[in-house]
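We did not get these values from a lab; they are worked out from the coordinates using the rules stated. Bear in mind the structure is a predicted one, so any value in this text is a computation, not a measurement. Note: ideal-geometry Cβ built from the backbone for every residue, glycine included; neighbour counts use all protein chains shown.
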Amino acid sequence: MESPEPQDGDSVFAHIPHVPEVPIYAMMVAFSKDPSPLKLNLGIGVYRTEDGQPFQLNVVRRVERLLVDDMSTSKEYLPITGIAEFNRLSAKLILGADSPAIKENRVTTVQCLSGSGSLRIGAEFLANHYHHQHTVYMSQPTYTAHPVFFSAAGLAIKTYRYYDPGTCGLDFQGMLEDLLSAPSGAIVLLQACAHNPTGVDPTLPQWEQIRQLIRAKGLFPFFDTAYQGLVSGNLDEDAQAIRLFVTDGGECLVAQSYSKIMGLYGERVGALSIVCKTAEVASHVESQLKLLIRPMYSSPPIHGASIAATILKDRDMYEEWSIEVKAMTDRLISTRRQLFDALRDRGTPGDWGHIIRHGGLFTFSGLNSEQVAFMNKEYHIYMPSDGRINMAGLGPKTVPCLADAIHAAVTMGV
Ligand code: PLP
């Protein structure tokens, strides 16, 4: 049925219903309005200082000063695919300097609007040009925006088992079974490391088994990497899973984000790499990516990618950055230990060893939505209802407050 003609003075948009705010953004608003001096934000996925303040890497500050003084820089439009040097260096960062795919010129990389934009362009590319299966399998649970990026491109979403609430670890058997029963050709979204929201990653031998299964079944891997270096403290080590899938000669997509690893969140720096079988295919793919990007936003922004490229191409700056990534990781690991110790000291019921075993920014705490709501009401702690804790939002001063809150929530009504 057609909508009635708008009356004079009515908005042509009057029929549009209001939709509720996306939960994580609604939480940010609630946090900012909370007047309590004790409030603690463990929700939004950003790396913070020990005092919960926004964090900037020293090497990034240094590069920004250099860029301001560099008279050779320009603000004119970038090509559709962004800064060529940034693209080349991004592929090298994730695939490795000695990657066979890079040497054989069969990778095409385009600068995109951070990890989100890379996932979205990758999804759109598959929807348009991948003709085997328009179903994407993603881990259960996964980053809340993943289904949105892929369903917006018209792809169907299914899940594979991933997290085992019993062990607070990987349901490896369940994952293999579900991938085994996926139809041949289906797309499989994989998080390369520091799985969001659980903090649980497969081991390297498990990745090798996953790779064998994916290749044997003709499934298509799409990697999301937003936390390279923040699990082991080493940029190469955290790229191992992806590199396994590239050295086997097969094809894959990789969406890369510089938000967390260089602290460039709002600069929207990321890259989509498509690893192909031949250089000719890669060049055709790139031409099609241009056709997809042009009607969406023409070309990406210049500043953030210039920062990343400057760091990636300079040996000293790269070294300085690697050291900062290691320091960030060390702090995450030490915070995990502090929280575990604090819960043990309080005699909080339950086995909290998973807090130490998990890696990256997040820990799937095991707290249920009722306990999370209680901690929010009584202790002004903000975290998603699934119990995900951002470890980077904590420091030595706030760990005891969180441990008190968890203890009270867990023993509530006992
Ligand atoms: N992928 C994962 C797993 C993430 O956790 C995030 C952000 O939290 C992203 C992608 C996208 O991040 P951005 O668009 O800021 O690069």
| note | GNM on the chain, Cα springs under 10 Å; top mean-square fluctuation among Gly174, Gly82, Gly266 goes to Gly266
| task | Specify the residue with the greatest mean-square fluctuation among Ser114, Ser257, Ser74, computed from a Gaussian network of the chain linking alpha-carbon atoms under 10 Å apart. | result | Ser74
| For the stretch 79-313, with only Lys/Arg (+1) and Asp/Glu (-1) charged at the beta-carbon, what is the dipole magnitude about the Cα centre, in debye rounded to 20? | 540
| What percent do you get for the relative contact order of the stretch 68-215 when only Cα pairs under 8 Å and 6+ apart count? | 18
| request: Would you calculate, for the chain, the mean residue ellipticity at 222 nm contributed by helices, counting each DSSP H stretch of 4 or more residues as -39,500 (n - 2.57) and dividing by all residues, to the nearest 500? | output: -14000 deg cm²/dmol
| Which value, in debye to the nearest 20, gives the size of the charge dipole of the stretch 241-397 about its Cα centre, when Lys and Arg are +1 and Asp and Glu are -1 at the Cβ? | 200
| field | Relative contact order [Cα under 8 Å, 6+ residues apart], the chain, whole percent | value | 25
| Quick one: Karplus J couplings for the stretch 135-150, per residue in order, coefficients 6.51, -1.76, 1.60, θ = phi - 60°, nearest Hz, x for Gly and Pro? | 10, 10, 8, 10, 5, 10, x, 9, 3, 4, 7, 3, x, 5, 4, 7
| message | Using the Karplus curve 6.51 cos²θ - 1.76 cosθ + 1.60 with θ = phi - 60°, what ³J(HN,Hα) values do you get for each residue of the stretch 196-203, in whole Hz, with x for Gly and Pro? | response | 9, x, 8, x, 9, 10, x, 6
| query | Can you give the charge dipole size of the chain about its Cα centre, rounded to the nearest 20 debye, using +1 on the beta carbon of Lys and Arg and -1 on the beta carbon of Asp and Glu? | reply | 500
| At what distance in angstrom do the alpha carbon centres of the stretch 57-108 and the stretch 320-344 lie from each other? | 29
| When the chain is treated as a GNM, springs tying every alpha-carbon pair under 10 Å, which of Val399, Val68, Val12 comes out with the largest mean-square fluctuation? | Val12
| query | If you plug each phi of the stretch 345-355 into the Karplus form 6.51 cos²θ - 1.76 cosθ + 1.60 with θ = phi - 60°, what whole-Hz ³J(HN,Hα) values come out, in order, with x for Gly and Pro? | reply | 4, 7, x, 4, x, x, 9, 9, x, 5, 4
| At q = 0.17, 0.25 Å⁻¹, what log₁₀ I(q)/I(0) does a Debye calculation on the Cα points of the stretch 217-272 give, no solvent, two decimals? | -0.59, -1.03
| query | Once the convex hull of the C-alpha atoms of the chain is built, how many Å³ does it hold per residue, rounded to a whole number? | reply | 194
| request: Would you give the gap between the C-alpha center of the stretch 111-172 and the C-alpha center of the stretch 194-214, rounded to a whole Å? | output: 15
| request: Normalising by the residue count of the stretch 268-414, find the relative contact order in percent from Cα pairs under 8 Å and 6+ residues apart. | output: 21
| remark: Within the under-11-Å Cβ sphere about Val231, not counting Val231, Lys/Arg +1 and Asp/Glu -1 give a net charge of -3
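By DSSP, what percent of the beta bridges with both residues in the chain are antiparallel, rounded to the nearest 5?
50
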